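One structure below.
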């Protein structure tokens, strides 16, 4: 599976994953990369951003994950992911490890499914590198000079995320299916989020989707709340191809577009 999200302010988020099933067990490798583009360089002496400046720097964020999951019964499945995290801003970088885990439960012959996940459990992360080194002027007894030093970066805890979700699918005559979804998300450094969505499908071929997201204080959220999308599933002999698109508008920054393609063999 590959996806590309054109995020706000020309930020690009790329995702690639590959998974293999072995009976009731599955393993997967995933890579997520954030591209922030070229950023105009500023300094203490030149704090204002000059859009015509030739001197720029770049920043990036990545996450590499290894996942193991198992379908224990026809009702219960669970999985866990170990992630290697990294961030760079010019010549400053930070690295760490994090852990995700989740479990799903299916109510037999009802179309009802539940899921719980906990993400970003891990160590505190700090930045280091040449970009934190500074030379301080010093007027000592032997004349003017400089003292080499380094800025201490305070450790920051990863933003842990707890999700509770439920989904219900109902088949109707004429190969029409309807799925309703709801989710509660608790984020350690942000407001709690409540979301719901509806998916309409025809003949397991085409899908139309819509959703809505609510926070405790919507005035503090730059998203408009609603989002829409569509999908196409194609089966060619033993190969399946899925193409999906999603759109999410923003009040402050540019709107978000996301494309994804997955191939199953």
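Observations, loosely collected:
- All strands (runs of 3 or more DSSP E) inside segment 110-219 with 2 or more residues being at pLDDT 90 or above and surrounded by 13 or more Cβ atoms within 10 Å (Cβ to Cβ): 112-122, 161-172, 176-187, 193-202, 206-215
- Among (1) without any contact (Cβ under 8 Å) to a residue 40 or more places away in the chain; (2) under 28 Å from residue 251 (Cα atoms), the one test that residue 5 misses: (1)
- Residue 102 falls short of the stated requirement of being under 20 Å from residue 17 (Cα atoms) and under 14 Å from the mean Cα position of the chain (by Cα).
- In this structure, residue 82 does not satisfy being touching a residue at least 24 places away in the same chain (Cβ under 8 Å), surrounded by 13 or more Cβ atoms within 10 Å (Cβ to Cβ) and at negative phi.
- The listed residue being closer than 29 Å to residue 257 by Cβ and in contact with a strand residue (DSSP E or B) (Cβ under 8 Å, 6 or more places away or on another chain), out of 24, 19: 19
- Scanning segment 233-246 for residues that are surrounded by 13 or more Cβ atoms within 10 Å (Cβ to Cβ) and either over 17 Å from the mean Cα position of the chain (by Cα) or at pLDDT below 95 (or both) yields a total of 5.
- Checking segment 31-45 against the condition returns a match, with at least one residue being in contact with a helix residue (DSSP H, G or I) (Cβ under 9 Å, 6 or more places away or on another chain), in contact (Cβ under 8 Å) with a residue 12 or more places away in the chain and under 20 Å from residue 130 (Cβ atoms).
- Selected residue (only one of 233, 163 is under 30 Å from residue 97 (Cα atoms) and touching a strand residue (DSSP E or B) at 6+ places or on another chain (Cβ under 9 Å)): 163
The values are calculated or read from the model by the stated rules, or taken from the named source; none is laboratory data. Since this is a predicted model, take the numbers as computed values, not measurements. For neighbour counting, all protein chains shown are included, and Cβ atoms are generated from backbone atoms with ideal geometry for every residue, glycine included.
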